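Take a look at the structure set out below.
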Amino acid sequence: MPAMIYSVSGDKTLEPNETGPTVKVNADGTMSISTNAGDVIEIGEKGTASINLKKISAVGVHNLADVESHTINTIVGSVSHYVRFVGGGEVRFVYNTSGQLIELSARNVITSVTHNNEIIFMRKGWQVGGVVAKEA
């Protein structure tokens, strides 16, 4: 079966001749989502996700009370951060001395990307408005 491609618009009304993000569903159950800005989200057959963003403007934590520990190490030419969440989950990221993000990885956390290319991390099971968020 060939891959299926969809164009979706989300909340935005598309202008004539304008396309929204493209969603490609592959025969093996994997999926790719490409945005107009060139960002790509790959979703594997087991639900694992890989995100390739052209620009990341900020890295943040949804609720500081969910942080078990935060370690900062300064290494020649860079600053490394390691954040461990209550109940598990971790985020590692490294900035160079110019403030450019050069490495980012996360495990066992919920990730949100805003329209401003900000990445926000949440621990699994955080609760808002009576609804418990769980990893997809």
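Values in this text are rule-based calculations from the coordinates and carry no lab data. This is a predicted model, so every value here is computed, not measured. Glycine gets a Cβ as well: all are built from the backbone with ideal geometry, and neighbour counts include every protein chain shown.
Could we say that ASN108 is surrounded by fewer than 16 Cβ atoms within 10 Å (Cβ to Cβ), within 29 Å of SER32 (Cα to Cα) and not charged (D, E, K, R) here? Against the criterion (surrounded by fewer than 16 Cβ atoms within 10 Å (Cβ to Cβ), within 29 Å of SER32 (Cα to Cα) and not charged (D, E, K, R)), ASN108 qualifies.
Rundown of residues vs (1) surrounded by 13 or more Cβ atoms within 10 Å (Cβ to Cβ); (2) of a type in the set (Gly, Ala, Ser); (3) within 18 Å of ILE120 (Cβ to Cβ), yes/no style:
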position: VAL25; (1), (2), (3): yes, no, no
position: ASP39; (1), (2), (3): yes, no, yes
position: ASP66; (1), (2), (3): yes, no, yes
position: SER80; (1), (2), (3): yes, yes, no
position: ARG84; (1), (2), (3): yes, no, yes
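For (1) more than 24 Å from ILE41 (Cα to Cα); (2) in contact (Cβ under 8 Å) with a residue 60 or more places away in the chain, each residue gets a yes or a no:
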{"position": "LYS54", "(1), (2)": "no, no"}
{"position": "VAL61", "(1), (2)": "no, yes"}
{"position": "ASP66", "(1), (2)": "yes, yes"}
{"position": "SER78", "(1), (2)": "yes, no"}
{"position": "ASN96", "(1), (2)": "yes, no"}
{"position": "LEU101", "(1), (2)": "no, no"}
{"position": "VAL113", "(1), (2)": "no, yes"}
